[in-house]
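Worksheet for the structure shown next.
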Amino acid sequence: MRRWEQRSEIPLLAASLLFLAAYAVLVLAHGLPTGRRTACVVAIVLLWSLFAADYLVRWRLAGWRLGFVRTHWLDTVVLLMPLLRPLCMVRVYTAVQRRRDRPRLSLHARVITYAGLTALLLSFAGALAVYQQEHAAPGATIRTFGDAVWWACSALTTVGYGDVSPVTWGGRVIAAGLMAGGLALLGAVTGSFSSWLIQTFAREDEKKPPAG
């Protein structure tokens with residue numbers, strides 16, 4: 001399984017970006033010709049099939065045990081909701097890092113960098129999803145993609161100004177997931193930064209000569 005993940009994670013990351021791009025075109029290009037819309041739908045289905053095949057291969061390598069589903073719950077969620085694949089970026093980094101002797105970045109820098117990239121991709125995916133659900137709904141306040149991006153940023157950072165908010169059940173489910181992801185990412189960055197500060201001050205204290 002480790003060899004499979006090492007070889008498949010980079011192609012799967014590329015497939016995830018293609019999936020997001022095809023979904024973005026499908027959602028945002030309202031005047032897209034029927035043939036191109038069909039091509040986007042076909043691309044989305046084929047890419048999702050690739051994700052499903054990867055899941056089944058890793059489950060097979062684990063011996064078809066139900067424990068795989070429990071221990072790989074994030075993979076199961078991402079398979080059902082492919083727009084959440086940015087949450088798997090840490091696993092991608094781990095697979096790439098196995099090819100090198102040592103990390104190029106410190107632990108704290110890695111946490112902050114990958115949390116930032118994950119937040120960026122997750123907010124874009126969340127904005128697309130909530131815009132698709134909300135822009136044509138009666139009484140909706142999220143009418144444009146700009147409104148959706150603004151809402152996604154406020155939801156992911158757990159600010160929640162309240163000037164725009166989802167009114168459909170689908171939009172509210174997306175909002176709940178985005179806020180949960182925002183809390184997790186914010187906690188990771190804050191904890192890593194705090195740990196870095198503590199270690200820095202501890203080293204400075206160790207360098208000081210003893211008092212008296």
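We did not get these values from a lab; they are worked out from the coordinates using the rules stated. These figures come from a predicted structure and were not determined experimentally. No Cβ is skipped: glycine too gets one built from the backbone with ideal geometry, and neighbour counts run over all protein chains shown.
Expressed in nm², what is the orientationally averaged projection area of the convex hull enclosing the Cα positions of the range 131-194?
If you wrap the Cα atoms of the range 131-194 in a convex hull and average its projections, you get 4.3 nm².
When the Karplus curve 6.51 cos²θ - 1.76 cosθ + 1.60 is applied with θ = phi - 60°, which whole-Hz ³J(HN,Hα) does each residue of the range 20-34 get, with x for Gly and Pro?
Each residue of the range 20-34 in turn: 5, 5, 5, 5, 5, 4, 5, 7, 8, 8, 5, x, 5, x, 4 Hz.
Between Ala202 and Val159, what is the label-point separation in nm under the 7 Å Cα-to-beta-carbon projection?
3.4
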